[in-house]
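Right, one structure below, let's go through it.
The values are calculated or read from the model by the stated rules, or taken from the named source; none is laboratory data. This is a predicted model, so every value here is computed, not measured. As a convention, Cβ positions derive from the backbone with ideal geometry for all residues, glycine included, and neighbour counts pool all protein chains shown. Each accessible area value is taken on the protein alone, full model and side chains, heavy atoms only, with ligands, DNA and RNA left out. Shrake-Rupley method; radii C 1.70, N 1.55, O 1.52, S 1.80 Å.
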Amino acid sequence: MTVGELAEKLGLEIMSCGSRALNTAVTGVYSCDLISHAMAKLNPGNVWITVHTNLNVAAVASLAEASCVLVPENIEISGQTLERAEEKEVIFLSGGKSAARFCYEILSLLESPS
Amino acid sequence: MGNVVVRDYMIPANDFTVAGEASSSVRKILTQLGVTPHAVKRTSIAMYEAEINAVIHGHGGKAHVEIDENKIFIQISDEGPGIADLELAMQEGYSTAPDSIREMGFGAGMGLSNIKKHSDLLKIDTEINRGTTVNITVFFNK
Ligand SMILES: Nc1ncnc2c1ncn2[C@@H]1O[C@H](COP(=O)(O)OP(=O)(O)O)[C@@H](O)[C@H]1O
Ligand SMILES: [Mg+2]
């Protein structure tokens with residue numbers, strides 16, 4: 001599954017770097033709002049779900065090679081962060097549900113026999 | 001063969017618009033050199049944590065990096081307040097980060113323990129009111 005397919009299936013809005021969405025593969029999902037945990041535990045290709053929308057999120061997502069950052073509960077993402085995300089080629093997604101709900105839905109998609 | 005790549009970076013204090021840029025640049029270099037993804041990941045984790053510590057605790061500093069075919073050596077130094085009790089600081093969960101820093105997701109107190117876990121050699125020199133120097137080595141074949 002690609003980030004583009006994930007966005008479509010879950011009705012998520014692609015906020016940055018949409019051009020990469022169709023050729024970036026999703027390998028799993030990791031949810032934590034502590035930067036040190038995310039940095040150490042994110043595996044390449046993971047969706048990172050976090051309520052943080054500051055500039056550091058783009059830097060960490062890029063360093064940890066997350067497939068994308070998913071910001072839940074329609075939390076606003078500043079223009080400055082999205083600009084940085086474009087520079088760092090990080091896809092930001094936005095959606096209305098909670099982090100827990102998104103984890104469940106993403107794992108269900110990844111684990112369902114396609 | 002036998003070539004050593006050397007890089008130096010400035011790490012500005014409390015500037016989160018560039019925090020992580022040194023680590024990001026080093027990650028790119030290692031990837032271009034064909035270093036294994038596992039070693040790139042360990043280096044990124046260790047260097048990012050040390051870089052962020054210099055930004056938020058050390059009033060900024062600098063990074064010096066040497067890469068050869070077998071390993072990367074990273075030295076991150078600052079002239080900040082130093083660490084009073086290094087053993088305590090190394091413990092998971094110990095943090096003196098203020099609320100303003102915690103609000104950004106930092107201050108989990110996992111930085112130094114993550115550096116330890118993801119490096120092969122670690123030496124920290126610190127002196128109160130003089131500063132802190134973190135020396136990290138990651139071997140590529142591990
Ligand atoms: N470069 C540094 N200068 C001064 N103090 C530091 C430095 N690095 C770490 N520390 C101290 O060690 C503590 C633990 O560091 P760390 O494990 O990275 O956790 P965190 O950065 O989340 O607080 C910090 O809260 C701080 O008190
Ligand atoms: Mg730290």
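General observations
- Single residue of the stretch A:37-58 satisfying the filter (among the polar types (S, T, N, Q) and open to solvent by 10 Å² or more (accessible area, probe 1.4 Å)) that is nearest to ligand 2 (Cβ to nearest atom): A:ASN54
- Across the stretch B:32-46, the number of residues qualifying as without any contact (Cβ under 8 Å) to a residue 12 or more places away in the chain, more than 12 Å from chain A (Cβ to nearest Cβ) and part of a helix (DSSP H, G or I) comes to 1.
- Among (1) within 9 Å of another protein chain (Cβ to nearest Cβ); (2) polar (S, T, N, Q); (3) surrounded by fewer than 19 Cβ atoms within 10 Å (Cβ to Cβ); (4) without any contact (Cβ under 8 Å) to a residue 24 or more places away in the chain - the single one A:ASN74 does not satisfy: (1)
- Pick from the stretch B:3-31, criterion part of a strand (DSSP E or B) and not hydrophobic (A, V, I, L, M, F, W, C), ranking: least open to solvent (accessible area, probe 1.4 Å): B:TYR9
- When B:GLY93, B:GLY34, B:GLY80 are screened for being under 20 Å from B:LYS116 (Cα atoms) and either open to solvent by 50 Å² or more (accessible area, probe 1.4 Å) or within 15 Å of ligand 2 (Cβ to nearest atom) (or both), only B:GLY93 passes.
- Filtered residues of the stretch A:13-36 (kept if buried (at least 17 other Cβ atoms within 10 Å of the Cβ), away from ligand 1 (no atom under 16 Å from the Cβ) and free of Cβ contacts under 8 Å to residues at least 40 places away in the same chain): A:TYR30
- Boolean, B:ASP68 is farther than 28 Å from B:ILE29 by Cα and among the charged types (D, E, K, R): no
- Of all the residues in the stretch B:47-77, those that are farther than 14 Å from B:ALA13 by Cβ, among the charged types (D, E, K, R) and either within 14 Å of chain A (Cβ to nearest Cβ) or within 11 Å of ligand 2 (Cβ to nearest atom) (or both) number 1.
- Counted residues, the stretch B:41-63 - those being among the β-branched types (Val, Ile, Thr) and open to solvent by 10 Å² or more (accessible area, probe 1.4 Å): 1
- If you filter the stretch B:96-122 down to residues that are away from chain A (no Cβ under 14 Å) and either under 18 Å from the mean Cα position of the chain (by Cα) or part of a loop (DSSP other than H, G, I, E, B) (or both), you find that the one that is surrounded by the most Cβ atoms within 10 Å (Cβ to Cβ) is B:LEU122.
- Residue pairs whose Cβ atoms lie under 9 Å apart, sitting 6 or more positions apart in sequence or on different chains, and linking a residue in the stretch B:50-70 that is farther than 17 Å from B:GLY107 by Cβ and outside any strand (DSSP E or B) to a partner that is modelled with pLDDT of 95 or more and of a type in the set (Phe, Trp, Tyr), are B:GLU69/B:PHE140; B:ASN70/B:PHE139; B:ASN70/B:PHE140.
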